[in-house]
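Below you'll find the structure, written out as structure tokens, and then a few comments.
The values are calculated or read from the model by the stated rules, or taken from the named source; none is laboratory data. Being a predicted model, the structure only gives us computed values, none of them experimental. Quick reminder, even Gly has a Cβ in these numbers, built from the backbone with ideal geometry, and neighbours come from all protein chains shown. Remember, those area values only see protein heavy atoms, side chains included, never the ligands or the DNA or RNA. Shrake-Rupley method; radii C 1.70, N 1.55, O 1.52, S 1.80 Å.
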Amino acid sequence: MFKHLLIPLDGSRLAEAALQPAELLARKLGGRVTLIHIIEKNAPAEIHGERHLTDEDEACKYLDTTAVRVFGEEAEVECHVHSEEVRNVARSITQHISELAPDLIVMCAHGHGGLRDMMVGSIAQQVIGMGKIPVLLLQPEETGTALLGFERFLIGLDGVPEHEASLQTGGELALALGAGLCLVNVVQTMDTLRGEHAAAGRLLPATTLAMLDMTAASALDYLDSRAIAWRERGLEVTTQVRRGDVPRELAQAAAENDCDLLVLGTHGRAGIGAFWSGSVAPKVVGQTHAAILFVPARIG
């Protein structure tokens, strides 16, 4: 369970907001950490209002100093600087997965509004969209801090079997950290139906409402069936079916249930464009400032 954490850093305080949650996670799980910096080709002089690290020696010294400052001299922390300049930092980060073999990437969203303020093609978006391994995305406060207590997780489930990797990952992490689980499924309403389902709702409103009611009842049975195994393993698990817009309801459920981490499955369609245009998971980011663990779907 997350025995090797990879933390990309660019030298900014914003990126460093990922360090304290990562240190807590590594310490509780007994995992090791790799700090990585990618030298960007034609890099801007500043990033997030601070001087950008573009020199290999300077970057090495920065990572070494940061490792001792945050994790201590006795911690198992490796530092890696990719000195060959690259145009696509996100792709370089994901390419290092096979070389460094991490099982979790921990990084921060850029911009005080999280992904709301991020431009398409930004590093965090691309890394998540490439879907190689789970990514823990932290959304710092304006003070530059990203606090995460790992006390209660919300896991969004939609009944799609391959998306249940989020439940397996979130459940095992909760067991390791002593956290509680809140399993949530969102059933759409007549107002939130889209496409052919919305057309059917307009033509057959009574039938559509009856089907939505049946879906809600089935969703609760589904969540309860998934909760049993984790309760038997000693976890406190609650279940909740909500109605409305899926991203908004997931974010509100997390706030109402005091969840400090959302765990969401990402679909298996390849490519950043497919991920950001079709998945519920990235849309949740725009509704919350909470940390989100993105777990790639199992395929096949």
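Restricting the stretch 11-34 to residues that are free of Cβ contacts under 8 Å to residues at least 60 places away in the same chain and out of contact with any helix residue (DSSP H, G or I) (no Cβ under 8 Å at 6 or more places or on another chain), the residue that is least open to solvent (accessible area, probe 1.4 Å) is S12.
Of all residues in the stretch 227-247 being in a helix (DSSP H, G or I) and closer than 12 Å to G156 by Cα, which is nearest to the chain's Cα centre (by Cα)? Checking each candidate, the answer is P247. Scanning the stretch 82-102 for residues that are surrounded by 13 or more Cβ atoms within 10 Å (Cβ to Cβ) and not polar (S, T, N, Q) yields H82, E85, V86, V89, A90, R91, I93, H96, I97, L100, P102.
Has the stretch 125-132 got any residue that is open to solvent by 10 Å² or more (accessible area, probe 1.4 Å) and at pLDDT 90 or above? No, there is no match, as no residue in the stretch 125-132 is open to solvent by 10 Å² or more (accessible area, probe 1.4 Å) and at pLDDT 90 or above. Scanning the stretch 9-42 for residues that are out of contact with any Pro (no Cβ under 8 Å at 6 or more places or on another chain) and of a type in the set (G, A, S) returns G11, S12, A18, A22, A26, G30, G31. Looking at A274, A270, A253, can you tell me which residue is farther than 13 Å from L137 by Cβ, at pLDDT below 80 and open to solvent by less than 40 Å² (accessible area, probe 1.4 Å)? Sole residue among the options that is farther than 13 Å from L137 by Cβ, at pLDDT below 80 and open to solvent by less than 40 Å² (accessible area, probe 1.4 Å): A274.
From the list R242, R248, R233, the one residue that fits, being of a type in the set (K, R), open to solvent by less than 80 Å² (accessible area, probe 1.4 Å) and at pLDDT 65 or above, is R242. Close contacts from the stretch 54-67, counting a first residue that is open to solvent by 80 Å² or more (accessible area, probe 1.4 Å) and a second that is at pLDDT 90 or above and part of a helix (DSSP H, G or I), with Cβ to Cβ under 8 Å and a gap of 6+ residues or different chains, come to none at all. Does A200 satisfy being at pLDDT below 80 and either of a type in the set (F, W, Y) or in a helix (DSSP H, G or I) (or both)? In short, yes.
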